[in-house]
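To start, the structure itself, in structure tokens.
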Amino acid sequence: MDWDQLKLEEERKRDAAYDPAQRWLHIQQTITWAEANLPLQRRRNRPRTRGPDGQTNSMPTGQ
Amino acid sequence: MNVDAILQALDREQVDCLLIGGMNFLLRHRPELTFDVDVWVRDDPVNLERLNRALRSLDAQWGPTETEWRAVPDDWRWLQSQVVFCLTTEHGALDVFRDVRGLEGRYDECRQRALASVTGTGVKYAALSDQDMLACQEALPPSQRKPQRVEILRAAIQRANNR
């Protein structure tokens, strides 16, 4: 089995074995964790803030 | 997924590893939805044994098939059976790589370029450099590359070189 096939098969197995409720909980926790760990100018769920390199966080587009 | 808990378990067991993949890109460059933590581990018996202890402390599960999915064994040598494992843990999905496409056999070199980082709650981790993240993307077939990620990494490397 080559590299790509192995990775795809590993992901397929895990998806099949994952408890759906736990997976959903983990996804919610990931979003919360990521938001808390990003610098202010990269957060999405905050008022716009300009970072040191002039970068601003994007606003939700509803899309 | 409690990323802190996963990184903390790896740090507690002194696992020599690098944060790679989408979570590393997210923390360093741009919010991008990702559902797992990817780590590249030094591929030697001592380190794999430490990794196995960390995995067991995280209640990690894996199986050769989905019907044989169960807690990882006490004996670390199952980790030598293949180059990549996608696991579940009580804190979320974890991908473990013993080698990484595009950077094959260059763990030590990449480890030297890695960035020592901490999460918002102070958990230590080492992050794969932009240069090496880009090498991973460029090693992928064009259809699997993430064009936006490649563009952002190239720009970040250019900015760093201009400083």
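The values are calculated or read from the model by the stated rules, or taken from the named source; none is laboratory data. Bear in mind the structure is a predicted one, so any value in this text is a computation, not a measurement. Counting neighbours? That spans all protein chains shown, and the Cβs are built from the backbone with ideal geometry, glycine included.
For B:K124, all conditions in the list (1) within 11 Å of chain A (Cβ to nearest Cβ); (2) modelled with pLDDT under 95 hold save one; what is the number of the exception? If we test B:K124 against (1) within 11 Å of chain A (Cβ to nearest Cβ); (2) modelled with pLDDT under 95, just (1) comes out false.
Output the residues belonging to segment A:1-18 that are within 8 Å of chain B (Cβ to nearest Cβ) and farther than 19 Å from B:D38 by Cβ. Hit for segment A:1-18 is A:A16, nothing else. The residues of segment B:30-47 that are over 14 Å from the mean Cα position of the chain (by Cα) and farther than 25 Å from A:L25 by Cα, listed by number, are B:D44, B:P45, B:V46, B:N47. Here B:M23 qualifies as at the interface with another protein chain (Cβ under 10 Å from one of its Cβ atoms), crowded, with 24+ Cβ neighbours inside 10 Å and free of Cβ contacts under 8 Å to residues at least 24 places away in the same chain.
Restricting attention to segment B:72-97, the residues that are surrounded by fewer than 20 Cβ atoms within 10 Å (Cβ to Cβ) and not acidic (D, E) total 9.
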